[in-house]
Amino acid sequence: MTDLYDLALLRLRLDGQRLTTGRQLILKTLEDVGEPVTIPMILQHQPKLAQSSVYRNLAVLEHAGLVSKISMGDEHAHYELGEEVTNHHHHHMVCRGCGKVKDVTLPDAVERSLDKALRAVADRDGFELQMHRLDLVGR
C-alpha cells in the first residue's frame, strides 16, 4: 500500500490537494476489494466516513487520476483504482438487471486488434486517441 500512498501523495500534490485520512481509507478500500464498487459498498467497508465526504473525495481522487468511475446511467456509479495506478488495462461487463460491474481482461492479440481498429477510426477523423475503454452491457 505504501507505493499507492506515495503515488497518491504525488498526484494529489500536483493537483493542489492533500492525501487526507478519508482519501487514504477510500484508496485502501478500493485496493482491498479489488473490483468496481459503489459508494454504498465503500461505506460498508468504511462506516466512519460520511457519504457526502466519500462523494467529494472520490471526485478529487478521480481528477488526480487515481480512481476511475464507471457510470451506466441512473444506477449507482462504480469506482475502482485507475489503470495508471494498477498498471492493468481492462474493460467491464455491466449487468443492466442487477447493476453489477465485472472486470474483463482481453487476450493480448484481441487487445492489439481492437486498439488498431480504434486508432484507424480516430485517425480518419483527425482525432488523437490516447486510450480506450470498452463496456459490455447486457444481462
Determine whether the range 36-47 contains at least one residue that is in contact with an Asp or Glu (Cβ under 6 Å, 6 or more places away or on another chain) and either open to solvent by less than 30 Å² (accessible area, probe 1.4 Å) or among the aliphatic types (A, V, I, L, M) (or both). yes
Number of the condition not met by Ala117 [criteria: (1) open to solvent by 30 Å² or more (accessible area, probe 1.4 Å); (2) closer than 24 Å to Leu10 by Cα; (3) not polar (S, T, N, Q)]: (2)
What is the one condition in (1) open to solvent by less than 50 Å² (accessible area, probe 1.4 Å); (2) in contact with a strand residue (DSSP E or B) (Cβ under 8 Å, 6 or more places away or on another chain); (3) not in a loop (DSSP other than H, G, I, E, B) that Leu136 does not satisfy? (1)
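The values are calculated or read from the model by the stated rules, or taken from the named source; none is laboratory data. Since this is a predicted model, take the numbers as computed values, not measurements. Every residue, glycine as well, gets a Cβ built from its backbone with ideal geometry; the counts of neighbours run over all protein chains shown. Keep in mind that these areas ignore ligands, DNA and RNA; they rest on the heavy atoms of the full protein, side chains included. Shrake-Rupley method; radii C 1.70, N 1.55, O 1.52, S 1.80 Å.
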